[in-house]
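**Q** Before I ask anything, let me first share the structure, which is written out below as structure tokens.
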Amino acid sequence: MATAIHGPRDCRVLTYNVHSCRGTDGRLSPERIAAVIAAARPDIVALQELDVGRARTGGLDQAHAIARSLGMAVHFHPALRIEQEHYGDAILSALPLRLVKAGPLPGPTHRGPWYEPRGALWVSVDLGGGVELQVVNTHLGLLSRERLMQAEALLGEDWLGHPPCGGKPVVLLGDFNAVPRSRTYGRLGGRLRDAQCALPSHRPRPTYPARWPLLRIDHVFLGGAVEVRGVEVPNGPLERAASDHLPVVADLRVGGGPCTAQG
């Protein structure tokens, strides 16, 4: 029986650490975050540092509030739970999406007061025509050894090395707290492709801090039959005010099967 070969599909992805929707001016505004996202017109959105039911941000479910504003469905994973208060990451899209996995990432054995639990969220997005894109959103830790441990977990059999993901078009994106010269970036970049480095015409742009961006720590990594058609880091007045990070936006062409992952 012959294997079906599906034609490629285009999509735009965005990753954005929203800093609990509190901007660099101190103002709390999920509406402003939604406006930044809407201006970029993405098909798939990965958000980090969302508050859900937290007293410090008025008890709002930020994930669903932003999704409603954009007319998108949402999957949210709370990396941190304090009784009824949640804090974590989300993936939003108006395209059909199916939750594959959500769970914690490993952390250090000795955990001081600075420690924050980390996790990842994996959905499969139906781009139409029989083409699916595996999307994994994450927010890695603050310590170098912690980030490296978490990167290894993401590349392992529980996540990107898992049979439903291996060899398929995949995007791993989020706030990695890792600059390009770091060991964590090197480990991920050895297996996946950095969207900001994929186009000769594009000079990679830093994403943090938003007002005076110096560090490139928010990334879009690609595996399998995914081609970068365009990439940008929006840096207008709205983006510089809405969060302490800038978003990364990538236009992708996603091939159908079969394909082989790099690495």
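The values are calculated or read from the model by the stated rules, or taken from the named source; none is laboratory data. Since the structure is predicted, the reported quantities are computational estimates derived from the model, not experimental observations. Cβ placement follows ideal geometry from the backbone for every residue including glycine, while neighbour counts extend to all protein chains displayed.
**Q** Determine whether ARG12 is among the basic types (Lys, Arg) and in a helix (DSSP H, G or I).
**A** Against the criterion (among the basic types (Lys, Arg) and in a helix (DSSP H, G or I)), ARG12 does not qualify.
Yes or no, residue by residue, for (1) of a type in the set (Lys, Arg); (2) within 14 Å of the chain's Cα centre (by Cα); (3) more than 15 Å from ARG147 (Cβ to Cβ):
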{"site": "GLY174", "(1), (2), (3)": "no, yes, no"}
{"site": "ARG181", "(1), (2), (3)": "yes, no, no"}
{"site": "THR184", "(1), (2), (3)": "no, no, no"}
{"site": "PRO200", "(1), (2), (3)": "no, no, yes"}
{"site": "PRO204", "(1), (2), (3)": "no, no, yes"}
{"site": "THR207", "(1), (2), (3)": "no, yes, yes"}
{"site": "VAL220", "(1), (2), (3)": "no, yes, yes"}
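**Q** Follow-up question, since we're still on this one. Restricting the first residue to the stretch 65-85 and requiring it to be farther than 17 Å from VAL100 by Cβ, which pairs with a second residue that is among the polar types (S, T, N, Q) meet a Cβ separation below 6 Å and a spacing of at least six or different chains?
**A** Close Cβ pairs satisfying both conditions: MET72/SER93.
**Q** If you don't mind, there's one more thing I want to ask. Only one residue in GLY26, GLY7 is at pLDDT 95 or above and part of a loop (DSSP other than H, G, I, E, B), so which one is that?
**A** Only one candidate passes the filter, namely GLY26.
**Q** Among the residues of the stretch 163-176, how many are at positive phi and either buried (at least 23 other Cβ atoms within 10 Å of the Cβ) or in contact with an Asp or Glu (Cβ under 8 Å, 6 or more places away or on another chain) (or both)? Give the derivation first.
**A** Within the stretch 163-176, the subset at positive phi is 167, 174.
Add one more test, that the residue is either buried (at least 23 other Cβ atoms within 10 Å of the Cβ) or in contact with an Asp or Glu (Cβ under 8 Å, 6 or more places away or on another chain) (or both), and what stays is 174.
The qualifying residues number 1.
**Q** Regarding the stretch 125-137, can at least one residue be identified that is under 15 Å from the mean Cα position of the chain (by Cα), at pLDDT 95 or above and assigned to a loop (DSSP other than H, G, I, E, B)?
**A** The answer is no; no qualifying residue exists.
**Q** Right, something else. Which of (1) touching a residue at least 60 places away in the same chain (Cβ under 8 Å); (2) touching a strand residue (DSSP E or B) at 6+ places or on another chain (Cβ under 6 Å); (3) β-branched (Val, Ile, Thr); (4) more than 17 Å from THR138 (Cβ to Cβ) does VAL18 not meet, given it meets every other one?
**A** So the condition that VAL18 fails would be (4).
**Q** Any idea which residue in the stretch 65-103 is surrounded by the most Cβ atoms within 10 Å (Cβ to Cβ), counting only those that are in contact with a Gly (Cβ under 7 Å, 6 or more places away or on another chain) and farther than 22 Å from ASP175 by Cα?
**A** Only one residue fits best here, namely ALA94.
**Q** Let me ask something else about it. Yes or no: VAL18 at pLDDT 95 or above, surrounded by 19 or more Cβ atoms within 10 Å (Cβ to Cβ) and under 19 Å from LEU121 (Cα atoms)?
**A** yes
**Q** Follow-up. Return the residue satisfying two criteria in turn: it lies in the stretch 44-64 and is under 17 Å from the mean Cα position of the chain (by Cα) and among the acidic types (Asp, Glu), and of such residues it is surrounded by the fewest Cβ atoms within 10 Å (Cβ to Cβ).
**A** Across the stretch 44-64, the extreme among qualifying residues is GLU49.
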